[in-house]
Amino acid sequence: MTTILIIAGVITLIAVLMYNSLIGKKNQVENIFGGVDAVLKKRFDLIPNLVASVERYMEHEKSTLEKVTELRSQAMKPGISDDQKIALDAKLTAALGSISVAIENYPDLKANENVMHLQRSLHEIEEQISAARRAYNQSVTDLNNAIEMFPTNMMASWMGLERKAVFEITVNERQNINVQALFDRS
Amino acid sequence: MKSTSELTDFYYQELYPSLSELEERRLHILSQLRWYGGMGIVVFLIAILWMKKNFGLFHPLMMGIVMIFVVIASITYRFMTKGYAQDFKARIITPLIGAIDPHLLYNPDFMISQRLFERSDLFQHTIDRYSGNDYVKGSIDGVPIEFSDVHAEYQTRDSKGRTQWHTLFRGLFLVAEFNKTFTSKTLILPDMAQKSFGTLIGGWLQSINFSRDDLIRLDDPEFEKHFVVYGNDPIEARYILTHSMMKRLLEFQRRISHPLFVSFVHNHIHVAIGTGKDLFEPAIFTSLLNFKQAMEYVNTLRNTIGLAEELKLNEKLWSKE
């Protein structure tokens, strides 16, 4: 009898620990996504300013600027899912990257202090976004591992937890866009 | 900043007159030390023989005699080398630091404040005795920087009520302004657990370290192998530790071959290098003209002062200007 009780106690304890660690991981993901959201918003706030100050000069980049504005309004719509946000963020980063490269070709813009100031703020926010993405990816990886690995996977499926998507990060993200943008021009 | 080879040239050419004078003094001190040492050993042996005859070799008083001799020997050594050490710092280390950057201030008797050392939060024990020397302060490429030798100790009492001193940290401690604004705390410590217990158990041990903040796993496997990172903000920790910053820290660790502790607190970077000895002290038993000895002085100074440059702390982001 005592043996059965002890075994039952140990099993309950393990189940509780597993449950709590899964909940902890899920909340960590949500918590960090809040941080990602905050820095993404910072960037959204900056975009209208940037577009307004460069569009007079950048005739050839009109379509890119419009795309940026469009992506921003899409991403700011209420009620879009985290996965959609992640996808829009990737597009926005690429579009902003090509604007930064294009600015290099306009001496007037490079001399404009306001634009340079915006550029630098944008660069700093990009660094913060990159950090937030990496933190988010790590927390998602922890959660996904727990969801797929034995024995937490059984508990996770019972709890109805699902795998989450990570931000795609390539180290040379910016670099690749630069090259692409240069080829497009010539 | 001057390169290591330029500084080595400076050491052998510009400082040569001072070096040869100091070298003469060193030889003189060395011969005096030998003479006193020889006398000391003779007196010590006589004392031991006398003890053996009267009390036996394993009498408790024997400990006392050994202790007295050790104390006398170290006092004599300090006394004889003190003036030489001061001269060495004034005539060799001071111009050497001036050659690296003329705006750096150097004070051989001062040290980095205990408040800064404690602020780094790298060593969690309370400090009962704090000392240090060779304080350097200034700015490199517009980055405020200061460092010194530090010896931090704490005290314990054993069951018989005797106090014992333990070294918490001994080595070089450096504080510099960091080029990004942050409000959180991030600590980088040498990875002992993972090295000794492997990734699985070591990683688990690190994650249950209650005295520290949350464990932060980073996306650079090589960095993870050498260091363990704790912090209270996972996003800011990655904002500070970008991929390139992790690479630079790893390269620095590879070059110094001493345990490296780094913390980011209060918009500053704190670096502790556990050399385990007092740096910038004059050699007594090797020649000052010895190349290896010269390289030790030149390299230690160059590496420490160059750290700001190496970690690119001068690349300021917009909000810090």
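Residues of the stretch B:71-119 that are hydroxyl-bearing (S, T, Y) and modelled with pLDDT of 95 or more: B:S113 alone.
Sort out which residues of the stretch B:1-15 are surrounded by 12 or more Cβ atoms within 10 Å (Cβ to Cβ) and not aliphatic (A, V, I, L, M), and write them in order of number.
Taking the stretch B:1-15 first, the residues surrounded by 12 or more Cβ atoms within 10 Å (Cβ to Cβ) are B:1-2, B:4, B:6-12, B:14-15.
B:K2, B:T4, B:E6, B:T8, B:D9, B:F10, B:Y11, B:Y12, B:E14 - these are the residues of the stretch B:1-15 that are surrounded by 12 or more Cβ atoms within 10 Å (Cβ to Cβ) and not aliphatic (A, V, I, L, M).
Residues in the stretch B:230-244 that are within 11 Å of chain A (Cβ to nearest Cβ) and open to solvent by less than 40 Å² (accessible area, probe 1.4 Å): B:G231, B:P234, B:I235, B:E236, B:A237, B:R238, B:Y239, B:I240, B:L241, B:T242. Of all the residues in the stretch B:202-219, those that are over 23 Å from A:V39 (Cβ atoms), open to solvent by 60 Å² or more (accessible area, probe 1.4 Å) and outside any helix (DSSP H, G or I) number 3.
Return the total of residues in the stretch B:245-265 being within 14 Å of chain A (Cβ to nearest Cβ) and either open to solvent by 30 Å² or more (accessible area, probe 1.4 Å) or among the aromatic types (F, W, Y) (or both).
Total meeting the criteria: 2.
Among the conditions (1) touching a residue at least 24 places away in the same chain (Cβ under 8 Å); (2) open to solvent by less than 100 Å² (accessible area, probe 1.4 Å); (3) within 30 Å of B:F280 (Cα to Cα), the only one that B:Y36 does not satisfy is (2).
Restricting attention to the stretch B:268-297 and to residues that are of a type in the set (A, V, I, L, M) and under 17 Å from B:E23 (Cβ atoms), the residue that is farthest from the other protein chains (Cβ to nearest Cβ) turns out to be B:I284. Evaluate the stretch B:215-224: report whether one residue or more is β-branched (V, I, T) and within 23 Å of the chain's Cα centre (by Cα). There is no residue in the stretch B:215-224 that is β-branched (V, I, T) and within 23 Å of the chain's Cα centre (by Cα). Only residues that are farther than 25 Å from B:H125 by Cβ and either touching a strand residue (DSSP E or B) at 6+ places or on another chain (Cβ under 8 Å) or within 12 Å of chain A (Cβ to nearest Cβ) (or both) were counted in the stretch B:197-229, giving 5.
Any residue at all in the stretch B:169-176 that's of a type outside the set (A, V, I, L, M, F, W, C) and over 20 Å from B:L260 (Cα atoms)? Looking through the stretch B:169-176, none of the residues is of a type outside the set (A, V, I, L, M, F, W, C) and over 20 Å from B:L260 (Cα atoms). For the stretch B:62-165, which strands (runs of 3 or more DSSP E) that fit wholly inside it have 2 or more residues that are in contact (Cβ under 8 Å) with a residue 60 or more places away in the chain? Because the criterion is at least 2 residues that are in contact (Cβ under 8 Å) with a residue 60 or more places away in the chain, the strands (runs of 3 or more DSSP E) in the stretch B:62-165 that meet it are B:129-140, B:143-157.
Can you pull out every residue in the stretch B:124-177 that is among the β-branched types (V, I, T) and surrounded by fewer than 19 Cβ atoms within 10 Å (Cβ to Cβ)? Within the stretch B:124-177, B:T126, B:I127, B:T156, B:T163, B:T167 qualify. Looking across the stretch A:142-165, just one residue is crowded, with 16+ Cβ neighbours inside 10 Å and either within 11 Å of chain B (Cβ to nearest Cβ) or among the aromatic types (F, W, Y) (or both), and that is A:D142. Selection of the stretch A:40-77 for residues being surrounded by 13 or more Cβ atoms within 10 Å (Cβ to Cβ) and polar (S, T, N, Q) yields A:N49, A:S53, A:T64, A:T69, A:Q74. Scanning the stretch A:95-141 for residues that are open to solvent by 40 Å² or more (accessible area, probe 1.4 Å), over 19 Å from B:S244 (Cβ atoms) and part of a helix (DSSP H, G or I) yields a count of 9.
The values are calculated or read from the model by the stated rules, or taken from the named source; none is laboratory data. Bear in mind that the values here come from a model prediction, so they are computed numbers and not experimental data. All Cβ positions, even for glycine, are placed from backbone atoms using ideal geometry, and neighbour counts span all protein chains on display. In case anyone asks, the SASA skips ligands and DNA or RNA and just uses the protein heavy atoms, side chains included. Shrake-Rupley method; radii C 1.70, N 1.55, O 1.52, S 1.80 Å.
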